[in-house]
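First the structure, in the form of structure tokens, and then the observations on it.
Read-outs throughout are calculated quantities, based only on the coordinates presented, and are distinct from any laboratory measurement. All of these numbers come straight from a predicted model, not from anything done at the bench. Cβ sites come from the backbone with ideal geometry, for glycine too, and all protein chains shown count toward neighbours.
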Amino acid sequence: MEKFLSQLNIEQQKVVQHTKGPVLVLAGAGSGKTRSVIYRAAYLINYQKVNPWNILIVTFTNKAARELLSRLEDTFGISVRSLWIGTFHSICTRILRYEQEHLPFTSNFSIYDESDQKSIFKKIYKELDIDPKKFAPGKVREIISRQKNSLILPKDFLEFNDANYYSETVLKIYKYYQNFLIRNNALDFDDLLMYTALLLHDHEEIRRKYEKKFKYVMIDEYQDTNYAQFKIINLIARNHQNLCVVGDDDQAIYSWRGADIRNILSFESDYKNVLKIKLEQNYRSPKSFLLAANCLIKNNSERHAKELWTALESQEKPELVKLENENREAEYVVRQISELRNKNISLNDCVVLYRTNAQSRVFENSFMQHQIRYQIVGGVNFYQRKEIKDILAYLRILVNPADSESFLRIINFPARGIGKVSIGRILDKAVSLQKNLLQTVLEKKFDYLPANAAANLRKFIDLLIEWQQLTRTLPVSELAKKVIKELRLIELYDNSKDPKDISRVENIQEFIAATEEFSEKYLEETGEEPKLDEYLQNISLQTDMDNLKEDEEAVKLMTMHNAKGLEFDHVFIVGLEDGLLPHARSIYDLNNVEEERRLFYVGITRARKTLKLTYARTRRTFDAVQTTFPSRFLSEIDDDLLKQQNEIFYELRAPRYKASDKSKKVVLENEKYFKIGQKIYHDKFGKGVILNVDGKGNDAKLTISFSDGKLKKIKGTYVKAGI
DNA sequence: TTAAGTATGCTTTTT
DNA sequence: GCATACTTAA
């Protein structure tokens, strides 16, 4: 035990040893927060002999949960099988699956993501005859989400919102939307939290059950919890008060998602006799980085006073670099990373952080051209890609027949001759029969459809029935493969002329691999095959971060939001301009500006060894080049803390791909193999140079840099060799 | 019913 | 500038 505790500083030891009563840990960036949480869990289990089954740990991401699990297992030899650890959303999903008899839906519910929501809203607007121009769907969705995060049901809506034409329309949509979800046996992300909170609130016996089960509760990143999350934890922990929350109000960056910074600021009044522990010693960054971060954050008004310090000796300073435009900015980063690589530094230790996902494109181009491997985290989630969602819709309808969203997605995909008109008639029929869509068509009486469509529909239904029977016997991954094979999806995209479809094939193949991997892991951990509904719900909660291929050496590119909780040796924060950071949408509201400042703070404090800050003098946004101004936050950092470099023009050209002698010869149309560096011509995109060849023969996948600077992946059969 | 061609609107950040 | 939605022709 001595040895166990000696690996922590005095403050961290306090966190670990105070296991009874409420504990508030204000943990600055890089202060060993995760370490404290892990040691605390290990202490409870190994020294206080608490049953892992009685511990609940909530993390911010699935990835963090997995890391915690593996460290508990590997370092402390703890059997983690019965430990409850995960994000709020995954833990709520688990609880809701158990408690279906007290809920208005069953445990095989579908989880709808934002694009599902979007399409549902469209239907609702049509149904209720609401003008999307007057009631912007995105905004309405946000308001409704906010209500759910605050546990305001439709029936309570007017208590908390002024009654006027706008809010009454929103209420109408809210009501209809919730109804729609229940009819489809579906929940959105906010519902997962809301129904769990209501379940615990409305059923005292269930609340007691979980209060008894979760005798010790720990929450990470507490500053980014919303009211529903606060309530869930409060209902579980308010009696025993064995609750340890860890967070940093200076790193609260999710208020736009309903997170309420007051949860952490008022923790001391929410619970009795709170022990407050501050972790201010930073083990991550050079002194000057922390000074710069402190300079910045002290401009915020509402915060727990705290200042980071370090015992590290490094004299490294953050470097501020001004570039001509966004392309130069990308080239600068590429150049720096090339130099690091020459010093034998792994690409895995480098990260590029930006404010918006759209900024990644320029970097992608530059990295590709200089053949530096990179991985983008975020943007469009893997499981939200069209080709993957189509497959998932087939699987979803098999476990949740009420899921009309999935049904409509696949009824005529791949095209099977059931058109808009026919689908409209089925919808009408379903309404008049008061049944869901699948039930309606299962009767196979199609007097309301043209003969053609009716025949096609019968085939479709038979297919679904056949597959549904297979769900009982076939493992998830086999079923997925069968669906893909029998629908001939890979062939569909392989034979397409659209260059986009090449990556679709890749994604489908990756999906199969991911599904197999999931099954194997699940089998290993639980000794049984995953159930299809569980698999689908799990996948719905996956983020891009969870799909990171750790074994592959690549520079990571991500938003500062995504970087929370991570650290890297070499950090590049790019696009430090007013309008980007702080974002143009945030500059008119002081609270929003403060949140943007915290975001920058998060970015700076990720760095372990070097930190480069860049901004561009001009930047192309959508179609026009705009002159930009350096971020207002930069002037808040004392000049002598920064190493400044202005107006660097790196004459950095793409390495010239000299066409080899062989390919200089006139290459025949039927030339079999493509080579890197070879010049080609494409009917639509014009001249280009091959940067990468994937596969053999003339249908290999080519990565081509076209003369206008664009990169495209195109199948060999669509390009002409030689010019 | 589908494919190709044209118009639109959109970009903050995510479980 | 891109992706999606809608229109038009076959």
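Some notes on this structure:
- In summary, region A:469-539 shows an alpha-carbon radius of gyration equal to 1.25 times the 2.2 N^0.38 Å reference for compact globular proteins.
- Percent of alpha-carbon pairs separated by more than 20 Å within region A:93-160: 47
- Above-threshold pairs, the threshold being 31 Å between Cα atoms, out of A:Lys33/A:Lys612; A:Lys123/A:Lys386; A:Lys14/A:Lys609; A:Lys215/A:Lys531; A:Lys155/A:Lys272; A:Lys139/A:Lys287: A:Lys155/A:Lys272; A:Lys139/A:Lys287
- Evaluated at q = 0.07, 0.10 Å⁻¹: base-10 log I(q)/I(0), Debye formula over Cα of chain A: -0.57, -1.19
- Entry note, chain A: the mean residue ellipticity at 222 nm calculated from DSSP H runs of n ≥ 4, each adding -39500 (n - 2.57), is -13500 deg cm²/dmol after division by the residues and rounding to the nearest 500.
- The HN-Hα couplings worked out from phi for region A:303-316 by the Karplus form 6.51 cos²θ - 1.76 cosθ + 1.60 (θ = phi - 60°) are 6, 5, 5, 5, 9, 7, 9, 9, 9, 5, 8, 3, 9, 4 Hz, whole numbers, x standing for Gly and Pro.
- Taking 29 Å as the limit for the C-alpha separation, the pairs A:Lys148/A:Lys445; A:Lys3/A:Lys549; A:Lys213/A:Lys276; A:Lys122/A:Lys429 exceed it in the case of A:Lys148/A:Lys445; A:Lys3/A:Lys549.
- Checking every one of the chymotrypsin sites (Phe, Trp or Tyr not before Pro) in region A:65-142 against DSSP loop status and a limit of 10 other Cβ atoms within 10 Å picks out no site at all.
- Close amide-amide hydrogen proximity is noted between A:Gln644 and A:Leu320, each under 5 Å apart and 5 or more residues distant or on a separate chain (H modeled in the peptide plane; Pro and chain starts excluded).
- Length gained on full extension, A:Leu5 to A:Ser82: 25.2 nm, using 0.36 nm per residue less the C-alpha separation.
- Amide H contacts of A:Ser314 (H built 1.01 Å from N, in plane; Pro and chain starts excluded): A:Lys287 sit under 5 Å, all sequence-distant by 5 or more or on other chains.
- Counting only aspartates and glutamates at least 8 places from A:Lys133 when in the same chain, those with an alpha carbon closer than 16 Å to its own are A:Glu142.
- Average projected area [Cα convex hull, region A:172-239], square nanometres: 5.7
- Restricting region A:338-443 to trypsin sites (Lys or Arg not before Pro) that sit in a DSSP loop and have at most 12 other Cβ atoms within 10 Å of their own Cβ leaves A:Lys343, A:Arg373.
- Coil-residue GluC sites (Glu not before Pro) of region A:545-633, DSSP, other Cβ within 10 Å capped at 11: A:Glu550, A:Glu552
- Full extension of the chain between A:Asn591 and A:Gln626 yields a length gain of 9.9 nm, computed as 0.36 nm times the residue separation minus the alpha carbon distance.
- Karplus-derived 3J(HN,Hα) values for region A:524-537, using 6.51 cos²θ - 1.76 cosθ + 1.60 with θ = phi - 60°, are 5, 7, 10, x, 9, 6, x, 7, 4, 5, 5, 4, 5, 5 Hz; glycine and proline are entered as x.
- Expressed as a fraction of 2.2 N^0.38 Å, the C-alpha radius of gyration for region A:472-600 is 1.48.
- Exposure proxy order (Cβ contacts within 10 Å, fewest to most) of A:Cys244, A:Cys295: A:Cys295, A:Cys244
- One chain, two ends: A:Asp569 and A:Thr169. Fully extended at 0.36 nm per residue, the span grows by 138.9 nm beyond their Cα-Cα distance.
- Cα centre as origin, Lys/Arg/Asp/Glu Cβ charges: chain A dipole, Debye: 1360
- Viscosity 0.890 mPa s, 25 °C: Kirkwood-radius Stokes-Einstein D of region A:534-621 over Cα pairs, µm²/s: 162
- Per residue, the convex hull spanned by the Cα atoms of region A:262-354 amounts to 169 cubic angstrom.
- Ranking of A:Glu387, A:Glu636 by count of other Cβ atoms within 10 Å, fewest first: A:Glu636, A:Glu387
- Under 14 Å, Cβ to Cβ, from A:Ile372 - net charge with Lys/Arg +1 and Asp/Glu -1: -2
- With q set to 0.19, 0.21 Å⁻¹, the log10 of I(q)/I(0) for region A:1-137, from the Debye formula over equal scatterers at the Cα positions, is -1.13, -1.30.
- Residue order, fewest to most surrounding Cβ atoms within 10 angstrom, among A:Val574, A:Val246: A:Val246, A:Val574
- Amide hydrogen proximity for A:Gly21: with H placed 1.01 Å from N in the peptide plane, the residues at 5 or more positions away or on another chain lying under 5 Å are A:Asn242, A:Leu243.
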